[in-house]
1. With the other protein chains left in place, how much accessible area per residue, in square angstrom, belongs to the range 1-110 at a 1.4 angstrom probe?
2. Expressed as an acute angle from 0 to 90° and rounded to the nearest 10, what is the orientation of the C-alpha long axis of helix 270-288 relative to the principal long axis of the chain?
3. With label points built 7 Å along Cα→Cβ from the Cα atoms of residue 403 and residue 127, find their separation and express it in nm.
4. Among (1) 183; (2) 132; (3) 215, only one was calculated for this model; which label is it, if the read-out is volume of the Cα convex hull per residue in Å³?
5. Carbon and sulfur: what percent of the chain's accessible surface (1.4 Å probe)?
6. List the aspartates and glutamates whose Cα lies under 14 Å from the Cα of residue 295, skipping any in the same chain that are fewer than 8 positions away.
7. Counting only residues 5 or more places away or on other chains, whose amide H sits under 5 Å from the amide H of residue 400 once H atoms are built in the peptide plane?
8. Given H placed on each backbone N at 1.01 Å, which residues far from residue 353 in sequence or on other chains put an amide H within less than 5 Å of it?
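The values are calculated or read from the model by the stated rules, or taken from the named source; none is laboratory data. Computed from a prediction, not measured in an experiment: that's the story for all the values here. For neighbour counting, all protein chains shown are included, and Cβ atoms are generated from backbone atoms with ideal geometry for every residue, glycine included. SASA here: full protein model, heavy atoms, side chains in, ligands and nucleic acids out. Shrake-Rupley method; radii C 1.70, N 1.55, O 1.52, S 1.80 Å.
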Amino acid sequence: MVSMTIDDLAALSPLIAIALASLVVMLAIAFYRDRLLALLCSLGGIAMAFIMLPMAARRAPRLITPLLILDQYALFYLGLLFIAGFVIALLAYGYLGKIEGQPEEFYLALLLATAGGAALVMSNHFASFFLGLELLSVSLYVLIAYPSESARSVEAGIKYLILAAASAAFLLFGMALIYAELGTMDFARIGAAMASAVRPELLLIGQAMIFVGVGFKLAVAPFHVWAPDVYEGAPAPVTAFVATVSKGAVFALLVRYFANLGSEYFHLFFPALAVIAIASMFVGNLLALAQNNVKRILAYSSIAHFGYLLVAFLAGGSSGVTAAAFYLVAYIINNLIAFGVVTVLSDRREADEMEDYRGLFWRRPGLATIFLAALLSLGGIPLTAGFMGKFYVLMAGVGSALWLLSIALVVNTMISFYYYLRVAFIMFRDAPEGAAASVAPPSLSFMGAGALAVLTLLMMWIGVYPGPLVHSIRSMVAGLIP
């Protein structure tokens, strides 16, 4: 039996803070329903978890039971997920005020999903891997189908439920095969025992099935079919959560898991992963060209972006992991801004059609400028975080002589400019006749507006002066890959 020490509890304090916050919100809902109270409890819990990170860092690196590990890598991604969750909670407040029903449970599910993501980035064992993933997934079932009065949201929730259950089956069966062969579920021990496997074919099948499960969560081709429908049907703040916190946590876990397997074993999967990366880039960008729904455009864009991330992942080594982490930070910031604008514009219905953005600059110049900055960063225009992210990924790919992948990245970046600039062009066209009178400025809390402004400034700052972030990421990567 493993006993917990005070240092273990201190190292777990960020995760404990999120769990306690969800409990507080649940009790608050039971005794007094108030949307503002639920928001303040949620923001307080996430902020407390973030504040706990320096205290936890003093105990790092630390193995907390065989299940969880706290190191610089986990601390970096915990901070990133908490910031994203905080922003999404802020943006959701104004959005939930425009829909019918009781919105307080939204914040409970949001906190539980954030706790699941936090558990994933700290996972060092198949048990914590699966528990964290299921906590995240079950919470997303609720969030995607929220509110239940929306037929489109319920349909998206059912689609995600069915496909997530199928992917979980692949994941569990893959874990079972690896455990049957090696007798361990600890990541480090799995990596150490690979060379002595009696039936390596079982390990290959098991690892492939695990990547199928992870590939679904990342929505890389050919496991991407759920993404456009779910992105379109889910409420805008939830779509932002799926695109950032959910995918970011899963990708962080994937990097840690394969870092423990070692480079020799990793090369066995290289051809298949390279095909998936190229397919994701082309499928995402080419299908985005034909879309007239902004959320579907961003969904296909997300598929392509994780194809770019796989280039850095396949480059391997410290340069590849550094590039992937930098790109993921830029991707999360860009998508928080983009979906934040969609959230702000949504008023009793999702503002996701192209016509909703026609003439936006003449109606809401500030909001249109923020959205334009996010689109340009997603495309990789210089002086933005997105440009620096693609630069580092391209340098990692070239440095590892991944010429085909690097060329595919450049070609697909050029393709993506068309649909990003198409949305931008719509915003600067004349608004439809009578639109100025019929479209009232949506209500937006001061905190939500401030969050979008701060994120936009951060995106530009990282694009102009990436040094501090790169230094922080390199310090984090040093502990993961010596």
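1. 44
2. 10
3. 4.9
4. The value computed from this structure is option (2).
5. The C+S portion of the solvent-accessible surface of the chain is 71 percent.
6. 229, 232, 350, 352, 353, 355, 356
7. none
8. Counting only residues 5 or more places away or on other chains, the set is 294.
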